[in-house]
Amino acid sequence: MKWLSKLEKDIKIVLIIGSIVILISGLLTLYATINAPSRLETLRRNSSMEFISLDEFKTFVTEKELTSLEYDVEKDILTGILKEEAKIKYGITGSGRVALTNISKLIEENQIINEVVLETINEAEKIYLSKPINHFATTVVSVILFSVIYLILFRPIRNNSIASPSASNKGSYTSSNKNEEFKEKVESVKLSDVKGHDEIKEDLEFLIKLLKNPKRYEKLGARVPKGVLLFGPPGTGKTMIAKAMANEVGIPFIATGGSDFVEKYVGVGAKRVREIFAEAKKHEKAIIYIDEIDAIGRKRSGDNDNDERINTLNALLIEMDGFRDSSGIMVIASTNRLDILDEALLRPGRFDKHIAVNPPDYKGRLDILKLYAKNKRLDKDVSLEKIAAMTRGFSGADLANLLNEAAMLTAFRDKDKTTMQEIDDAFYRILTKGDKKKSFQRSEDDTKLTAWHEAGHAIVSKLIAKQKVNKVTIIPSTSGAGGITLMEPKEGSYYSKEDLENMVKVSYGGRAAEYILLGDENKVTTGASNDIEKATSIIMAMLGSYGMSEKFGLLNLERMGGLNQEYVLAEAKEISNKLYQETIDFLEEHYDLLKEMADILIKKETLDEEEVDALILKHTLNKGAKNNIKIPNFNDENSESKEKKKRGITQLIPDKLIPGLIKNENLARKKED
């Protein structure tokens, strides 16, 4: 009966009343069914009515002078109505209804043998004997119908009236108008639906087995964890993990938020903590989920602390591991800020296990996209692998939002299926937090400057940082961006000093291109402000956190109080100037590529990955410059490679990467070459 304890109170009442009615009806039906034959026999024995004789009845039946033949089972009477001709013939007046009594006795004596009469009698007896069952079925259907009407129509009205107290009661907190309602119903989320977190699946499966069979672990001396803390960036699926655990174990799931305990009235937060645990203790096992626990679990500093928050935190600490027994209850909490939580909350015995829920890697993003794409109508040109590659750093919620945004664009454009165009536009919207400006006026100089700026980013990203460039556009967005270069950053958790320096160069690529175009530092614009901010953050992290400075060595400058900031600034400036100059020198070496890409951007406004690759291939193929475009490397030791070499490199590189101009001017080869 564990399932009954999970139901809400009013649903329990409806089920109990309905069960009682059905039980009483069933007992009456059983009694009537058992006693029906004896009661029928008694009624027949006491019946002594005689209206017509058997011979007269046989004559009427033989001459077919009777209509509407009926049999009364309880009175044991067979009745019929004479036709008008028969009434005149026999001198009978009135309605012409005649009756023959003691039918059961006549049947036993084989004095009634007419098949039509016997069939009428048998049908009447069957109907009579089935009446109790029919009454029971009618009762059951009526109870079910009443319950459905109550749950669908009246219960929501009742709940709304409870949830909306009168205006006169809104100003004060009392137990009568602030009844807590705890959520015990959980969405049908299973552990198999949690995608992108394969590295923590083992921890989750361990906790699920522990909740299902705690006695197995207790026999070996293991103690069931009191709490599990899920921490990580927003949107990574912490709430979904908690729901999946509750569903896998099949126990009540009581969800609340940290802000639900925060009130201006003293004692309210602590009271709500006690109420939640009291509700959970009604069940043998339960999960309490507290979202954003940092709202009440911040460190107690002593200065300007909120007394109500401290009281609430103390109540939670006592309930989890204090004088009160909370066995069978597991508290799962989530936060984005593990560093600000109170030490007493994090110690073993309260939140024993800490599980990091990080943004998914490439495989995780692909699994999440496949999950959310099940109910989307995607065109065959949509590549989930490409979307997973270009969305590094996206959380599960971000990926779901991307596909949803693309689906909304599809519906708005009256299309039947979502194409890569909608995916790209949705990706652009999310990154720039705006839409492409459909009509805009920009001077020729600004357009040229923007084109050079974005071309600089694309070239440095492709040739120095070895990153894919998915798209370059100079179409401004409604959020203020003049253009954007969509790059595919490196996959992984670690970055070398070279990686970070290359990231700084990518940020400086736009500013360096502006300088090459204008030829004067005094004429460069504010267009690189965001790029400089990113570069500054990376350089300061290299100096302050990562120990990547020859001058300061392997020191964390953030931990060194009283350090003269002028030395740090001087070192950061030296690194910045060095990387900026190297970026300028590199772009000047590839001036023709930079100029041609900028000119094409001015004409076309947008270049996709294939066009960028083709342009870079055109300018770097003969220079031996390093790029991340794979070109076949032939081995003369086998005949197959010799044949490929004879055909020439123009046939081995995809045609979409080699415009006609490149084929004619740069890739024409003599056989001896």
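The values are calculated or read from the model by the stated rules, or taken from the named source; none is laboratory data. Computed from a predicted structure; not experimentally measured. Cβ coordinates were reconstructed from backbone atoms using ideal geometry, including for glycine residues, and neighbour counts include every protein chain displayed. For the accessible areas, the whole protein counts, side chains as well, though only heavy atoms, and no ligand, DNA or RNA atoms are used. Shrake-Rupley method; radii C 1.70, N 1.55, O 1.52, S 1.80 Å.
Quick rundown of the values:
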read-out: Separation of the residue 441 and residue 377 label points, Cα + 7 Å toward Cβ, nm; value: 4.1
read-out: FRET efficiency estimate (nearest 0.05) - Cβ-Cβ, residue 140 to residue 59, R0 41 angstrom; value: 0.30
read-out: At R0 = 56 Å, FRET efficiency that the Cβ-Cβ distance of residue 192 and residue 75 yields, to 0.05; value: 0.25
read-out: Accessible surface of residue 548 - all protein chains present, 1.4 Å probe, nearest 10 Å²; value: 40
read-out: Relative contact order (%) - criterion: Cα under 8 Å, at least six apart; region: the range 487-535; value: 39
read-out: Viscosity 1.002 mPa s, 20 °C: Kirkwood-radius Stokes-Einstein D of the range 201-275 over Cα pairs, µm²/s; value: 145
read-out: Whole-percent carbon and sulfur share, accessible surface of the range 476-541, 1.4 Å; value: 51
read-out: Distant-in-sequence amide H partners of residue 77 (H built 1.01 Å from N, under 5 Å); value: 72
read-out: The range 468-517 - convex hull of alpha carbons, volume per residue in Å³; value: 109
read-out: Residue 411 paired with residue 550, simple spin-label distance in nm, labels 7 Å along Cα-to-beta-carbon; value: 6.0
read-out: Gain on full stretching of the segment that runs from residue 358 to residue 301 - 0.36 nm per residue minus C-alpha separation; value: 17.6 nm
read-out: Accessible area per residue in Å² at 1.4 Å probe, computed on the range 388-484; value: 43
read-out: Counting all C-alpha pairs of the range 398-446, share separated by more than 16 Å (%); value: 45
read-out: The range 430-518: radius of gyration and largest Cα-Cα distance (Dmax), Å; value: 14.1, 43
read-out: Extension gain (nm, one decimal) between residue 21 and residue 282, 0.36 nm per residue minus Cα-Cα; value: 91.2 nm
